[in-house]
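Asker: Take this structure first; my questions come after.
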């Protein structure tokens with residue numbers, strides 16, 4: 001498994017598992033647990049969740065999936081912005097730990113920027129780290145200006161990752177955020193690497209250029225789209241998969257080597273935006 005090293009010295013899998021929309025229904029619970037466990041068996045031991053996902057239901061699914069094998073897992077969760085105050089983040093973290101049935105998170109992220117001052121958020125994260133409740137902390141949905149501001153604050157140099165929307169169809173971070181992140185040792189965690197809604201997925205995965213590259217490799221368009229992200233330095237992809245077939249397909253993307261000709265064709269199919277624009281969010 002390819003790994004990405006965080007500035008804290010921890011190496012994490014470049015290909016992990018996302019859990020957005022998991023935990024929404026009791027009917028899907030066992031299928032979701034089995035999919036996550038298969039992913040872990042295949043080496044995708046980074047699992048990303050959030051207190052927002054199914055209002056804690058996703059964390060409960062993850063907790064059930066990792067029972068008895070917590071030591072294998074790199075566990076990531078996220079706190080709501082309105083819970084990111086000094087007292088609020090402590091309570092939110094405890095609730096997440098209880099749902100996940102663990103005593104420590106490997107990485108805790110601010111889900112997006114809200115009204116709580118960044119100084120207070122960072123103070124709360126540092127307190128959780130000193131208390132042994134989290135090993136590292138980071139942010140999500142932070143644009144370059146946000147990163148500059150946060151990194152200049154006390155504790156800002158402890159931000160080890162930024163989770164953002166990034167895929168072939170949404171390449172805006174390549175203007176400045178991604179190059180800055182790579183230069184400054186703040187890996188990007190790409191969420192929705194295969195898009196999120198069914199309409200967006202059809203549009204991206206149905207592109208003739210992507211399908212042509214996939215056919216040359218005997219792969220699926222989704223595997224090529226994942227391989228395109230995974231080839232990059234200091235980028236982690238966290239696709240969601242709730243079926244065994246999709247889990248195996250995601251893992252196989254890590255072994256797909258794209259050629260310069262493939263990359264040129266994908267650039268033509270999904271050109272970089274013509275100008276810098278605000279960070280896109282889901």
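None of the figures in this text is laboratory data; all of them are computed from the coordinates on show. This is a predicted model, so every value here is computed, not measured.
Asker: Compute the distance from the alpha-carbon center of the range 37-88 to that of the range 150-171, in whole Å.
Answerer: A separation of 19 Å, based on Cα centres.
Asker: Based on a Kirkwood Rh over C-alpha pairs, give the Stokes-Einstein translational diffusion coefficient of the range 123-282 at 4 °C and viscosity 1.567 mPa s in µm²/s.
Answerer: 77 µm²/s
Asker: Compute for the range 178-270: radius of gyration divided by Kirkwood radius, i.e. Rg/Rh, restricted to C-alpha atoms, rounded to two decimals.
Answerer: Result for the range 178-270 is an Rg/Rh of 0.96.
Asker: Considering only DSSP beta bridges with both partners in the range 1-153, what is the antiparallel share in %, to the nearest 5?
Answerer: 20 percent
Asker: May I pose another question? Could you work out the Rg to Rh ratio of the range 1-113, with Rh taken as the Kirkwood radius (inverse of the mean 1/r over all Cα pairs)?
Answerer: Taking Rg over the Kirkwood Rh, I get 0.96.
Asker: Once the Cα atoms of helix 29-41 and of the chain are each reduced to a long axis, what angle between those two axes, in degrees from 0 to 90 to the nearest 10, is obtained?
Answerer: 80 degrees
Asker: When DSSP assigns beta bridges and you keep just the ones with both residues in the chain, what percent turn out antiparallel, to the nearest 5?
Answerer: Taking every DSSP beta bridge with both residues in the chain, the antiparallel ones total about 15 percent.
Asker: Follow-up. What do you get for the angle between helix 260-269 and the principal long axis of the chain? Use alpha-carbon atoms, 0 to 90 degrees, nearest ten.
Answerer: Orientation of helix 260-269: about 80 degrees from the principal axis.
Asker: Let me ask something additional. Work out how far the C-alpha atoms of the range 48-181 reach from end to end along every principal axis, then list the three figures in whole Å, largest first.
Answerer: Reported extents, whole Å, longest axis first: 42, 35, 25.
Asker: What is the range 1-65 by shape, rounded, prolate or oblate, if you read a ≥ b ≥ c off the alpha carbon gyration tensor as root eigenvalues and call it rounded for a/c under 1.5, prolate for a/b larger than b/c, and oblate otherwise?
Answerer: Taking the square roots of the gyration eigenvalues as a ≥ b ≥ c, the range 1-65 is oblate.
Asker: How large is the translational diffusion coefficient of the range 116-171 in µm² per second when you combine the Kirkwood radius over alpha carbon pairs with Stokes-Einstein at 37 °C and 0.692 mPa s?
Answerer: 271 µm²/s
Asker: Looking at [x] 154; [y] 120; [z] 169, which value of volume of the Cα convex hull per residue in Å³ comes from a calculation on the structure shown?
Answerer: Matching entry in [x] 154; [y] 120; [z] 169: [y].
Asker: Could you work out the Rg to Rh ratio of the range 126-207, with Rh taken as the Kirkwood radius (inverse of the mean 1/r over all Cα pairs)?
Answerer: Computed over Cα atoms, the ratio is 1.08.
Asker: Here is a further query. List the relative contact order of the chain as a percent without decimals, with contacts defined as Cα pairs under 8 Å and 6+ residues apart.
Answerer: 19 percent
Asker: Here's something else I'd like to know. Helix 118-130 versus the longest principal axis of the chain: what is the Cα-based angle in degrees, 0 to 90, to the nearest 10?
Answerer: Here the helix axis deviates by roughly 80 degrees.
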